[in-house]
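Everything on this sheet refers to the single structure shown next.
Derivation of every value follows stated rules applied to the coordinates shown; laboratory data play no part. Keep in mind it's a predicted model, so treat the numbers as computed, not measured. Backbone-built Cβ (ideal geometry, glycine too); neighbour counts: all protein chains shown.
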Amino acid sequence: MPRRSTRSRAAIQGAGLLAAAISQHPREFVAIVMATVAVVTIVVNAVFLQKGPHPAPIFATRSLLQQEAALAPRLQAAHAQPLAEPTVTANKVALIVNIQRELTRKGFYDGPADGIWGAKTDAAAREFVHAAGLKMNSEASDALLKAIVAYTAKPASAAPPASPASTDPIAKLISPSKRVTAVQRALAEFGYGQLKPTGVFDPDTRAAIEKFERERRLPIDGQMSDRFVRELAAMTGRPLE
């Protein structure tokens, strides 16, 4: 009991001294309390209320810094990777468009330059490779585009001097021709008319050619142009001459 009473008296005396000091210096006490509250608030906010790492941490550990350094290249690669595929696709479309335009200029393709490598574009590319006598793949590539741009049609061999009869257009039409005979046989074989292989370019032959051009979506003129003969030979799968 004496020890407890002594402690109680000491506590009462300490409280009395504190109260006397506060009563003597009230402004200083209030300033000390406010400063203490401010310091505690800053510490709590910096340590417990920040969602991410502090911009200037006091106790930054070496492991966290190493993890951030190792993770940075992966994040950069993850952000850069999705951009590569659209770029490659756009370059491929532009390449096909240029190939289609050059094939059109050279007379091998008459479709739209839409950047789509369809059956018509593929057939035109194969026909060009065959006509140019090249040993290369007919798929879309820079090499194919350069070959088409540099392609020039081979000049025809010099023809023998024309006889006086060959200058007459009427005589030229009525004279038999091996080319006309081959065309008439091919058209009759594939159902474009009941033609007789006479070798003479007559109205029935012209009508059969127009029917073929209409079905193949070619310019309709009824003439045995080089393009018509090439299309007919591609359909039959054999040369006509």
Most exposed first, judged by fewest Cβ atoms within 10 angstrom, ASP204, ASP226 run ASP226, ASP204
If each K or R counts +1 and each D or E counts -1, the residues other than MET34 whose Cβ falls under 15 Å of its Cβ total 0
Quick calc, THR87 & PHE190: beta-carbon distance into FRET formula, R0 51 Å, rounding 0.05, result 0.65
Computed curve, the stretch 84-150, Cα-only Debye sum without solvent term, log₁₀ I(q)/I(0) at 0.12, 0.14, 0.25 Å⁻¹, is -0.27, -0.36, -1.08
Which of LYS135/LYS178; LYS92/LYS120; LYS92/LYS146 exceed 19 Å between C-alpha atoms? The answer is LYS135/LYS178
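Pull out the extension gain between ARG214 and ASN45, defined as 0.36 nm times the separation in residues minus the alpha carbon to alpha carbon distance; nm, one decimal.
Using 0.36 nm per residue and subtracting the Cα-Cα distance, I get 52.6 nm.
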Check: C-alpha center the stretch 188-234 vs C-alpha center the stretch 89-116, spacing in Å is 28
Expected unfolding gain across GLN13-ALA38 under the 0.36 nm per residue rule, minus the alpha-carbon gap, is 6.0 nm
